[in-house]
Protein chains: 2
Amino acid sequence: VSETSSHHVIKSYEQELHRLRDLIVEMGGLVENQIALATAAVLTQDPVAASSAVEQDPQVDALEREVEQFVIRLLALRQPVADDLRLIFACLKITDDLERIGDYAANIAKRTLALSQGTATISRSALAHMARLVQDGLKKVIDAFSENDAEKAIEVWRDDETIDDIYNAIFRELVTYMMEDPRNISSCAHLLFIAKNLERVGDHATNIAETVYYAVVGEPIADTRPKGDVSAYMTIRPPQ
Amino acid sequence: VSETSSHHVIKSYEQELHRLRDLIVEMGGLVENQIALATAAVLTQDPVAASSAVEQDPQVDALEREVEQFVIRLLALRQPVADDLRLIFACLKITDDLERIGDYAANIAKRTLALSQGTATISRSALAHMARLVQDGLKKVIDAFSENDAEKAIEVWRDDETIDDIYNAIFRELVTYMMEDPRNISSCAHLLFIAKNLERVGDHATNIAETVYYAVVGEPIADTRPKGDVSAYMTIRPPQ
């Protein structure tokens, strides 16, 4: 191998790693937008936004497959080690989290149509607040990835607790609404799943934060986080 | 490298791949057991079974990390290609699905404690039926993996539709129970999540089936499956 061609190989390997990073950032932007559309759809009962969120899903899935194929090719042809291998693994894990976030966004959007008119205001401000925090976390963790910023990743990881707190309050609020009026039940059941889906998106952003931290620092985050969703333990009784 | 040591390397590489497969089968058995414990806990309101299911979770997580570390080492040291690379990738994807199934089992188990006594019989037979199908699918897909049986994988993939149908019926049934008596609402909200969690376990078994098929055949399943959970679109009105 001449010096020139060896140089060429190295340069194009770096370009490939760069391209892989770009794919993740592109996919991150797409699911961010999907979440924004889906929550707007629910909050304003907008079926057009709901359809847009659902229709983006195949694009997200296609990007996931592209990342996976890219990684398989990189592993086979470049046989990366150490830092590069860690980055490539990180991309593989992040693409999986992003794909699932896309699924949650589509599921939230689909439920818009099942919410009946009158219930649009139920838990609206709490849901809007939760959705905004989830979107902020998602945007921030993709920034952390693209800037190799371990500190920023930790911030996202810490902030998930607030999202969990809001979710637990919404769970309680929705069950109470159901008890007050049976006409709320069907919509509130969907709102329960919508809130739970947002909570899961927050969890996946937290997973991505852990992955980014590990990719940058080379060690897992040395701290534990309290389990956030305590609603599984809640028993709520109707007023006598 | 002498012939003996080269032979030694090849033999131990095969042993490593075998060990990787064993780890997946072990993890599969563990989450199967977790699902069995969790559903038994819900159906018989057994807090001991519930605790056992929750307490197995760290073991499942530890196995996932072991698989990941094993794969990273294999990729770095053996630089596998073609079939082996596909198998290793499959193991990585399957371990991720299994870890999530373990999470769903733990979440189901936790909700046992929030179900109040009287509601144990609500949707009991449908839930029991659904849980049995989910467990069967999970067992079968792990068998398909360990036997390289693409046909068996396809069967699991097809059977998921039945699970989805039962889930949709349970969703409708639970919302109706809530409307009938506000004292059912809190428990039924948990039962909604329990059923949804089982439905998600079925989806993950389907993912594993796709992964096994791809690892064995080298191509994705050439067929599409209808989206099973249509409950997101359901609006159910209380009787006038």
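Just a few scattered comments:
- This ranking places B:Met234, A:Met27 by how few other beta-carbon atoms lie within 10 Å of each, fewest first, which gives B:Met234, A:Met27.
- Inter-label distance, nm, simple model (7 Å from Cα along the C-beta direction), B:Glu147/A:Val217: 4.6
- The mean count of C-beta atoms from other chains within 10 Å of the C-beta of residues in A:76-83, rounded to a whole number, is 3.
- The value given for region A:110-240 is a Kirkwood hydrodynamic radius of 15.9 Å, derived from the mean inverse Cα-Cα separation.
- According to the Cα-based calculation, Rg over Rh for region B:45-91 is 1.28, with Rh computed by the Kirkwood formula.
- Sorted ascending by nearby beta carbons within 10 Å, beginning with the fewest, B:Asp97, B:Asp149 become B:Asp149, B:Asp97.
- Over chain B, the hull volume per residue, using the convex hull of the C-alpha atoms, is 116 Å³.
- Isotropically averaged projected area of the protein assembly as shown, using the convex hull of Cα atoms (one quarter of hull area), nm²: 24.2
- Contact order for region A:143-197, expressed relative to its length and based on alpha carbon pairs under 8 Å spaced 6+ residues apart, stands at 25 percent.
- Label point distance in nm, B:Leu17-B:Ser125, each placed 7 Å from Cα along Cα→Cβ: 5.0
- In a fully extended conformation the segment linking B:Arg132 and B:Arg73 would gain 17.5 nm over its present Cα-Cα distance, using 0.36 nm per residue.
- Sorting B:68-75, A:13-20, A:126-133 by average packing, meaning the other beta carbons within 10 Å per residue, from highest down gives A:126-133, B:68-75, A:13-20.
- Averaged over the residues of peptide A:170-180, the number of Cβ atoms from other protein chains lying within 10 Å of each residue's Cβ is 3.
- Whole-Hz couplings from phi, Karplus 6.51/-1.76/1.60, listed for region B:133-140; x for Gly and Pro: 4, 5, 5, 4, x, 5, 4, 5
- Taking every DSSP helix (H) stretch of at least 4 residues in chain A, weighting each as -39,500 (n - 2.57) and dividing the sum by the residue count yields a mean residue ellipticity at 222 nm of -28500 deg cm²/dmol.
- Each Cα pair under 8 Å and six or more residues apart adds its separation to the average, and for chain A the resulting relative contact order is 23 percent.
- Counted by neighbouring Cβ atoms within 10 Å, the residues B:Thr112, A:Thr235 run from fewest to most as A:Thr235, B:Thr112.
- Pairs from the table (B:Lys110/B:Lys196; A:Lys196/B:Lys196; A:Lys196/B:Lys139) lying more than 19 angstrom apart at Cα are A:Lys196/B:Lys139.
- Mean shadow area of region B:21-104, taken as a quarter of the surface of its Cα convex hull (nm²): 5.2
- FRET E, pair B:Val81, B:Arg158, Förster distance 30 Å, beta-carbon r, rounded to 0.05: 0.40
- Reach of A:Lys152 by Cα under 15 Å, taken over aspartates and glutamates that are not fewer than 8 positions away in the same chain: A:Asp136, A:Asp143, A:Asp160, A:Glu210
No lab work stands behind these numbers, since they all come straight from the coordinates. This structure is a prediction, so every number in the text was calculated from the model and none was measured. Cβ: placed from backbone, ideal geometry, glycine included. Neighbour counts: every protein chain shown.
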